[in-house]
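The values are calculated or read from the model by the stated rules, or taken from the named source; none is laboratory data. Computed from a predicted structure; not experimentally measured. Heads up, the Cβs are rebuilt from the backbone with ideal geometry, glycines too, and the neighbour counts pull from every protein chain shown. Heavy atoms of the whole protein, side chains included, go into the accessibility calculation; ligands, DNA and RNA do not. Shrake-Rupley method; radii C 1.70, N 1.55, O 1.52, S 1.80 Å.
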Amino acid sequence: MTSSTTTLVELGPDDALFPAWCEVWAASERADRPDEAPRPAAEHVALGRQLVEPGGSRDGTHRAALVGDDVVGALRLLFPLKDNTATAIVDLAVHPHHRRRGVGALLHEEALRLAAASGRTALITEIDEVNSDAPGVSFASARGWTCDLTETRRDLLLPVDEQRLAALEADARARSAGYELVTWRDRTPEEFLADRALLEQRMSTDAPHGDLPTEEERWDGERVREYEAASAARGRTLLSAGAVRDGRMVAYTDLQLPRSRPGIAQQAGTLVLREHRGHRLGALVKAAVLRRLAVEFPQVRRISTYNADSNTPMVAVNEALGFVPAGRLTMWSLRLA
């Protein structure tokens, strides 16, 4: 497919052009956040390989936009297979030196074509809005996308203030009598695997999703192991904590630590089963994982997290720990006719 001098080609994670495809993402991330290291190419390669493995919870495809021999644009579509089978997730980037030249529009048209050909009727994407001039916002708005969910990014600089952490821990322990704490790295203990799957499934319904066209996800122990294996393949350590009552894990939290960027961590999911809320379990597990992080990964200097403003309990816990606003992430959707 061509448009004037731009050509689109399909490619995979082991193709010769894939490093240049990854560099489009890196250049875009450096332009948007010059003070942060971009995701390494190895993460994109690992995700790409996961998508072509049989039996997974999703598959996908990649396209590169070429001007001559230069890759100037990158497109990835993810297709959920076990749930949300009418939805496609779109990742699109254009090299900063080639923006506003029709490359993004061409990739967008290709995304619509590929989604329709796969029987998908709704597209979802996310935009990291570093500031009010984020280029993705005007691009999506002009093409009929709607912003369905806004999350605030908050950063916590480490080491965490000891007084803050101790106060939060003391309050959480006082209100969580009868619950036990467990922590682990990378692999959920086998005895809690089914509980972890239930927590992940509840995350898809209980966490705020705005007006996004999503449905409940289907999780089992095999899918949890797939998630853990994918994190390891992408060069990330998972540091986790859970709250247990009567032998069942009823709350959890995850931190992702990219080994290629040892100074940062990303807060992943945190959830308390609805029937166990009101006991400060979210604070309990977050404090536990922060304690372990300080001992095992003292080089980490910042944790970033994203929360919808409507998620007031989790926002309150994060602010009590010292997280401060540092941008926002918006989720957008487009319904296909």
*Ratio to report: Rg/Rh of segment 260-337, with Cα atoms as the point set and Rh obtained by the Kirkwood method; give two decimals.*
1.04
*In percent, what relative contact order does segment 205-328 have, based on Cα pairs under 8 Å that are 6 or more apart in sequence?*
20 percent
_If you count only protein heavy atoms with a 1.4 Å probe, what accessible area per residue comes out for the chain, rounded to a whole Å²?_
46 Å²
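With charges set only on the Cβ (+1 for Lys and Arg, -1 for Asp and Glu), what does the dipole of segment 261-337 come to about its Cα centre, in debye to the nearest 20?
So the magnitude is around 120 debye.
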*Label assignment, Rg and Dmax of the Cα atoms in Å derived from the structure, set [x] 19.1, 57; [y] 20.5, 67; [z] 23.9, 77*: [y]
*Counting Lys +1, Arg +1, Asp -1, Glu -1, what net charge surrounds residue 323 among other residues with beta carbon under 15 Å of its beta carbon?*
+2
_Positive-end residue, the chain charge dipole about Cα centroid, Cβ charges, pick of 273, 263, 19_ = 263
_Cα-centre dipole for segment 182-237 with unit charges at Cβ (Lys and Arg positive, Asp and Glu negative), debye to 20_ = 360 debye
_Taking all protein chains in place and a 1.4 Å probe, what share, in percent, of the accessible surface of segment 84-126 do carbon and sulfur account for?_
50 percent
*asked:* Let me spell out the model: positive unit charges on the Cβ of Lys and Arg, negative unit charges on the Cβ of Asp and Glu, origin at the Cα centre of segment 1-150. What dipole size does that give, in debye rounded to 20?
replied: 400 debye
*How large, in percent, is the carbon and sulfur part of the accessible surface of segment 198-337 at a probe radius of 1.4 Å?*
51 percent
*Between 235, 221, 249, whose Cα lies farthest towards the positive end of the dipole of segment 187-261 when Lys and Arg beta carbons carry +1 and Asp and Glu beta carbons carry -1, centred on the Cα centre?*
235
_Cα gyration tensor, segment 81-132 - rounded (a/c under 1.5), prolate or oblate_ = oblate
*asked:* As a test of reading the structure, rank 245, 234, 120, 335 by solvent-accessible area (1.4 Å probe, protein chains only), most first.
replied: 335, 245, 234, 120
